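Visitor: Provided herewith is a single structure, encoded as structure tokens, for subsequent inquiry.
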Amino acid sequence: MAEGRSRPAWAEVDLGALRHNVGLLGRLVAPSALWAVVKADAYGHGGPAVAGAAVEAGATGLAVALIDEAVEIRRAGVTAPMLLLSEPAPDAADAAVEAGLIPTLCTPAGVASMARAARDRGTTVPVHVKVDTGMHRMGAEPGLVPALVAAVAEQPTLRLDGLWTHLAVADGGTAEDRDFTAGQLDRFDQVVAGLAAAGARPPVLHAANSAGAIAWPAARYDLVRCGIALYGAAPSAGVAESLARAAPGEGLRPVLSLKAHVAAVRELPAGARPSYGRLRPLPERAVVATIPVGYADGVPRALFASGFEVLIGGRRRPLAGMVTMDQIVVDCGPGATIVPGDEVVLLGRQGTEEITATEWARQLGTISYEVLTGIGPRVPRIVTGQAGAGRGRTGRR
Ligand SMILES: *Cc1c(COP(=O)(O)O)cnc(C)c1O
């Protein structure tokens with residue numbers, strides 16, 4: 001989809017901002033390594049471009065949720081180590097090996113099918129074993145880990161490269177959240193100690209997502225798995241404060257901007273009610289601009305009721321009516337000098353104003369992750385800020 005780019009709406013992906021965030025987080029967690037989580041098409045930013053840029057900027061590994069995501073990134077020539085964040089189904093073990101992934105293993109059946117797939121290909125596959133310390137989504141119970149690690153060791157075609165867990169509330173600010181995270185890290189440490197007592201030492205330990213990496217130094221271990229922070233959003237207000245304390249004056253930069261050109265402009269009298277449902281009367285005579293993005297592009301209808309604004313001419317402007325599938329209407333007020341073709345910013349900066357995914361998330365009662373991954377596949381991604389002379393910005397217009 002989004003082949004033609006004939007549509008005057010697009011998402012700009014600023015790889016310069018991404019490199020800034022990789023550098024900032026890399027310095028923060030050093031000497032732990034930074035691995036870039038590029039699942040879900042790099043949180044909607046474009047998997048291959050982001051994976052390549054993150055590695056160039058210093059990420060030493062990558063992580064994906066799906067084998068297909070890895071295949072797309074490998075096709076773009078990215079050769080960095082890549083962790084598959086869940087255990088592949090038995091019939092997907094071959095594809096995981098083929099994609100050059102480090103599979104996560106958490107069951108004896110997973111160990112057996114991965115060993116078989118590696119044997120069939122005459123290769124040795126590095127694996128990471130996952131412990132469930134309290135997230136309760138994926139992973140082996142702590143008591144079952146020693147047997148699982150022993151099962152891996154018995155397989156000549158598998159090599160135990162890592163042991164990891166995942167934190168459920170590292171972004172949380174309550175005492176209960178903090179106790180829970182501390183408890184998860186304790187359980188993880190106990191598993192590691194138990195393995196060591198039995199002579200097994202996984203070379204790489206990891207536990208932290210962005211929130212853990214920023215707010216929980218004890219969770220950094222050998223590497224951190226950062227997603228959302230690389231894309232320029234803090235996982236929560238509390239984590240944003242932790243980062244401001246740890247790296248004063250060095251904020252994360254949003255990587256994605258959602259932009260469009262005004263498609264049509266009309267002047268309407270006070271009381272006119274644009275769009276489906278005729279839900280909002282114009283408070284006064286106003287210029288109403290039509291913008292060619294809608295809920296099929298990831299601008300949810302719920303934004304209409306939540307005080308959503310867009311930037312046109314460097315100013316915030318409210319919606320004039322309900323979000324539709326392909327278009328929104330914007331109340332630009334009386335006498336606005338707006339013409340078709342003017343730039344509209346739905347996410348990002350224009351002049352001194354900025355709208356962030358976190359602002360949308362607050363209005364929608366969700367998290368920035370869902371906003372960013374919700375930007376639809378029919379919105380072309382325009383990559384800007386590539387490293388290397390001569391290539392410069394890939395413009396639009
Ligand atoms: C998505 C994911 C991450 C990245 O989380 P962020 O909060 O975006 O940094 C890390 N680890 C696992 C297991 C994940 O599923």
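Visitor: Among His45, His136, which comes first, second and so on when ranked by fewest other beta-carbon atoms within 10 Å?
Guide: Working: His45 27, His136 10.
Placing the least packed residue first, the sequence is His136, His45.
Visitor: Expressed in nm to one decimal, what extension gain is obtained for the pair Glu353 and Arg119 from 0.36 nm per residue of sequence separation less their Cα-Cα distance?
Guide: Values: separation 234, 0.36 × 234 = 84.24 nm, distance 5.71 nm.
Computed gain between Glu353 and Arg119 is 78.5 nm.
Visitor: Report the full-extension gain for the segment Ala175 to Ala198: residue separation times 0.36 nm, less the Cα-Cα distance, to one decimal in nm.
Guide: On the way: separation 23, 0.36 × 23 = 8.28 nm, distance 3.47 nm.
This chain segment gains 4.8 nm when fully extended.
Visitor: Given springs between every Cα pair under 10 Å in a Gaussian network model of the chain, which of Pro300, Pro269, Pro377 has the largest fluctuation?
Guide: Taking springs between Cα atoms under 10 Å, the residue moving most is Pro269.
Visitor: Continuing with this model, one more query. Hey, can you rank 30-38, 331-339 by average C-beta count inside 10 Å, highest first?
Guide: Working: 30-38: 21.8, 331-339: 15.8.
The most tightly packed comes first, giving 30-38, 331-339.
Visitor: A follow-up question, please. Only bridges with both residues in the chain count here: give the DSSP antiparallel percent, nearest 5.
Guide: Working: 28 of 58 bridges.
Around 50 percent of the beta bridges assigned by DSSP in the chain are antiparallel ones.
Visitor: I would also like to ask the following. Given Cα pairs under 8 Å that are at least 6 residues apart, what percent is the relative contact order of region 248-397? Spell out each step's value before the answer.
Guide: Details: 307 pairs, mean separation 36.4, N = 150.
It rounds to 24 percent for region 248-397.
Visitor: Note down the relative contact order for region 16-243 as a percent, whole number, built from C-alpha pairs under 8 angstrom at least six residues apart. Show your work: numbers first, answer last.
Guide: Numbers: 439 pairs, mean separation 43.4, N = 228.
Normalised by residue count, the contact order of region 16-243 is 19 percent.
Visitor: Scan region 1-84 for GluC sites (Glu not before Pro) in coil per DSSP, keeping those whose Cβ has at most 16 other Cβ atoms within 10 Å, and list them by number. Mind showing how you got there, number by number?
Guide: On the way: sites: Glu3, Glu12, Glu56, Glu69, Glu72; in loops: Glu3.
Passing both the DSSP loop test and the Cβ count: Glu3.
Visitor: Report the extension gain between His136 and Ala296 in nm, rounded to one decimal, defined as 0.36 nm multiplied by the number of residues separating them, less their alpha carbon distance. Each step should come with its number before you reach the end.
Guide: Working: separation 160, 0.36 × 160 = 57.60 nm, distance 3.28 nm.
Gain in length upon complete extension: 54.3 nm.
Visitor: Run the simple label-point estimate for Ala270 and Thr366 please: 7 Å along Cα→C-beta, distance reported in nm.
Guide: 3.7 nm
Visitor: With unit charges on the beta carbon (Lys/Arg positive, Asp/Glu negative), name the residue among Pro283, Leu252, Ala264 whose Cα is farthest towards the positive pole of the charge dipole of region 250-299.
Guide: It is Pro283, whose Cα lies furthest towards the positive end.
Visitor: Here is a follow-up. Please work out the Kirkwood hydrodynamic radius for the chain, using every pair of different C-alpha atoms, and report it in angstroms with one decimal place. Intermediate results must be reported in sequence, preceding the final value.
Guide: Numbers: mean 1/r = 0.0440 Å⁻¹.
Mean inverse Cα-Cα distance, inverted, gives 22.7 Å.
Visitor: So which helices of the chain fit the span-like rule, where a helix is a whole DSSP H run, its Cα atoms reach 20 Å or more along the axis, and its mean Kyte-Doolittle is at least 0.5? Display every interim value, and only then the final one.
Guide: On the way: long enough: 15-29 (21 Å, 0.82); 175-197 (33 Å, -0.19).
Qualifying helices, which must be both long enough and hydrophobic enough, are 15-29.
Visitor: Starting from the 7 Å offset along Cα-to-Cβ, what nm value, one decimal, do you get for the label separation of Arg75 and Arg245?
Guide: My value for the distance between the label points is 4.6 nm.
Throughout, read-outs are computed from the coordinates displayed, never taken from laboratory work. Computed from a predicted model, the values in this text were never measured in an experiment. Positions of Cβ are backbone-derived with ideal geometry, glycine not excepted, and every protein chain shown enters the neighbour counts.
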